[in-house]
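The values are calculated or read from the model by the stated rules, or taken from the named source; none is laboratory data. Not measured: the values here are computed from a predicted model. Cβ atoms come from the backbone with ideal geometry, glycine included; neighbour counts cover every protein chain shown. What goes into the accessible areas is simple: the full protein's heavy atoms, side chains included, and nothing from ligands, DNA or RNA. Shrake-Rupley method; radii C 1.70, N 1.55, O 1.52, S 1.80 Å.
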Amino acid sequence: MRDDWSRDRLMNTVQRPEQLFVRGQGSWLWDADGRSYLDFTQGWAVNSLGHSPVALVRALQRQASQLINPGPAYYNSGMLELAARLCQATGSDQAYFLNSGAEANEGAIKLARKWGQLHKGGAYRMVTAANSFHGRTFGAMSASGKPAFQALYEPKVPGFTKVPYNDLAALDAALDDDVVALMLEPVQGEAGVLPAELDYLQGAERLCRERGILLILDEVQTGIGRCGSLLAEELYGVRADVITLGKGLGGGVPLAALLARGNACCFEPGEQGGTYHGNALMTAAGLAVLDTVLEPGLLEQVRATGQQLRDGLARVGRRFGAGVPRGHGLLLGLPLAEHNAAQVARAALGEGLLINAPQPGVLRFSPALTVSPGNIEEMLRRLHRALERARRPAQEVV
Ligand code: PLP
């Protein structure tokens with residue numbers, strides 16, 4: 001690292017390893033010393049097509065030379081085309097574009113409160129799940145059930161009730177007349193890749209319909225092919241009123257979307273906005289990603305490589321007493337028994353492998369949707385070595 005670059009000039013918000021990454025291609029990253037790393041985090045499931053994919057680079061280059069951002073108060077062709085394509089592909093009626101998953105969830109909260117004024121006598125309370133993660137803006141943090149958030153930055157935005165995940169009886173009891181919306185992740189990623197049970201999500205949808213409550217699905221992590229279908233809701237046979245997307249939609253650049261169906265499309269001029277919202281550059285990136293994900297065979301490939309990864313994780317995990325891999329498609333978690341997951345992730349870095357530990361006992365794998373079978377096998381070999389290395393005394397791990 002250059003002498004005039006000090007880590008102390010960066011606000012101390014996260015502990016980072018020493019590596020300085022300078023280049024990425026597909027499933028691989030290189031640091032400033034020329035060392036290569038197999039990347040099975042992909043920026044926490046952001047780089048859906050891997051690092052610097054040709055389709056995304058070309059779209060950004062072409063668009064940057066033509067028009068970057070005329071401003072949100074004017075049309076650009078990228079925003080119109082991406083809205084049309086996303087609505088058509090997901091069976092939604094309207095779309096709105098933003099910069100991050102948290103912002104999309106803020107938008108969903110606003111949309112629900114507006115809908116509550118129009119259709120539910122001003123009800124504004126929302127039910128969300130314990131251990132859920134919806135982002136780090138104030139509304140999204142307040143909606144989140146992440147335990148570490150509960151004491152941070154009090155007081156939070158009022159109006160959120162948390163219920164245990166995958167517990168239909170608790171949900172039934174919480175959805176009273178004051179409630180305008182239920183917001184859930186189809187898979188709780190940050191909580192350790194915990195998928196909703198089929199009966200739970202279908203039951204949640206039924207309860208929402210019976211009680212006239214909006215169902216909002218936070219598909220920021222699960223959407224855009226990550227789970228082997230364009231949206232995870234398709235796997236469950238449910239249909240939300242509002243869906244939030246982020247992460248994989250931009251393929252690595254800041255792009256998120258709010259999708260709405262039926263009378264949930266209720267924003268009027270002046271009620272939502274942002275200077276970068278729907279800009280031509282990011283929507284061009286979104287179109288390149290969506291085109292690629294919808295190419296014939298890509299989602300089938302995700303399901304096949306997802307199965308290969310799941311089988312491989314089960315095989316390697318068994319040798320170390322690990323539990324059964326869980327998740328959908330290429331969003332998988334491996335529950336550990338004998339290891340601390342953060343320690344394994346550190347040991348993996350020493351093996352040239354990037355994986356992440358959302359919980360102390362769980363490893364998360366979110367490779368590029370285009371990851372090759374060969375790279376999965378190579379990852380499993382490195383993971384095996386990392387699990388062995390992480391069993392040794394702490395000072396030998398890194
Ligand atoms: N919702 C879910 C389910 C997420 O996993 C995340 C990020 O991890 C977010 C929202 C927040 O997205 P962002 O970090 O882009 O604000």
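A compact table of results
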item: Probe 1.4 Å, protein heavy atoms only - accessible area per residue of the chain in square angstrom; result: 44 Å²
item: Under 23 Å from the Cα of K114 - lysines, other chains or at least 8 residues apart; result: K156, K162
item: Gained length - D93 relative to D8, 0.36 nm times residue gap less alpha-carbon distance; result: 25.9 nm
item: Farthest toward positive dipole pole in the range 67-293 [+1 Lys/Arg, -1 Asp/Glu at C-beta], among G78, H119, I213; result: G78
item: Rounded percent of accessible protein surface that carbon and sulfur make up, the chain, 1.4 Å probe; result: 52 percent
item: Spatial separation of Cα centroids for the range 215-243 and the range 266-314, in angstrom; result: 11 Å
item: Separation in nanometres of the label points that stand 7 Å from Cα toward Cβ, at M1 and Y74; result: 4.2 nm
item: Cα-projected label distance for R62 with E295, points at 7 Å along beta-carbon direction, nm; result: 1.4 nm
item: Positive-end residue of S52, W30, L10, charge dipole of the range 1-62 with Cβ unit charges; result: S52
item: Per-peptide average of other Cβ atoms within 10 Å, ordering 67-80, 86-99 highest first; result: 86-99, 67-80
item: Nearest-10 value in Å² for the accessible area of R303, using the 1.4 Å probe; result: 120 Å²
item: Residue among L175, A240, G352 farthest towards the positive dipole end of the chain, charges placed on Cβ; result: G352
item: Debye, to nearest 20: dipole size of the range 67-293, +1 on Lys, Arg Cβ, -1 on Asp, Glu Cβ; result: 340 debye
item: Environment charge of V362, counting only residues whose C-beta is closer than 13 Å and scoring Lys/Arg +1, Asp/Glu -1; result: +1
item: Measure of compaction for the chain (Cα Rg per 2.2 N^0.38 Å); result: 0.98
item: Alpha-carbon centroid distance for the pair the range 1-33 / the range 330-355, whole angstrom; result: 20 Å
item: Residues listed by number, the range 339-368, amide nitrogen under 16 Å from L20 label point at 7 Å toward C-beta; result: none
item: Total charge dipole magnitude, the chain, about the Cα centre, Cβ charges on Lys, Arg, Asp, Glu only, Debye to nearest 20; result: 720 debye
item: The range 76-155, Cα convex hull volume normalised per residue, Å³; result: 125 Å³
item: Contour excess over end-to-end distance, with Cα ends at L152 and Q117 and 0.36 nm allotted per residue; result: 9.6 nm
item: Normalised convex hull volume, the range 2-104, alpha-carbon set, Å³ per residue; result: 188 Å³
item: Accessible area of L349 in the full protein assembly, 1.4 Å probe (Å², nearest 10); result: 30 Å²
item: The range 67-293 - Debye-derived log10 I(q)/I(0), Cα point model, q = 0.16 Å⁻¹; result: -1.08
item: Listed residues T41, T13, T244, most fluctuating in the chain (Gaussian network, C-alpha, under 10 Å); result: T13
item: Relative contact order %, the chain, counting alpha carbon pairs below 8 Å whose residues are six or more apart; result: 22 percent
item: Share of pairwise Cα separations in the range 115-194, more than 13 Å, in percent; result: 66 percent
item: About the Cα centre, charge dipole magnitude for the range 203-331 (Lys/Arg +1, Asp/Glu -1 at Cβ), debye; result: 740 debye
item: GNM top mover of V371, V324, V302 - the chain, alpha-carbon springs below 10 Å; result: V324
item: Potential extension, D172-R381 segment - 0.36 nm per residue separation minus Cα distance; result: 70.7 nm
item: Computed E for S36/E268 - FRET, C-beta separation, R0 51 angstrom, nearest 0.05; result: 0.50
item: Acute angle (nearest 10 degrees) that the helix 77-90 long axis makes with the longest principal axis of the chain, alpha-carbon atoms; result: 90 degrees
item: Selected from G223, G24, G237 as most flexible by GNM, with the chain as the system and alpha-carbon contacts under 10 Å; result: G237
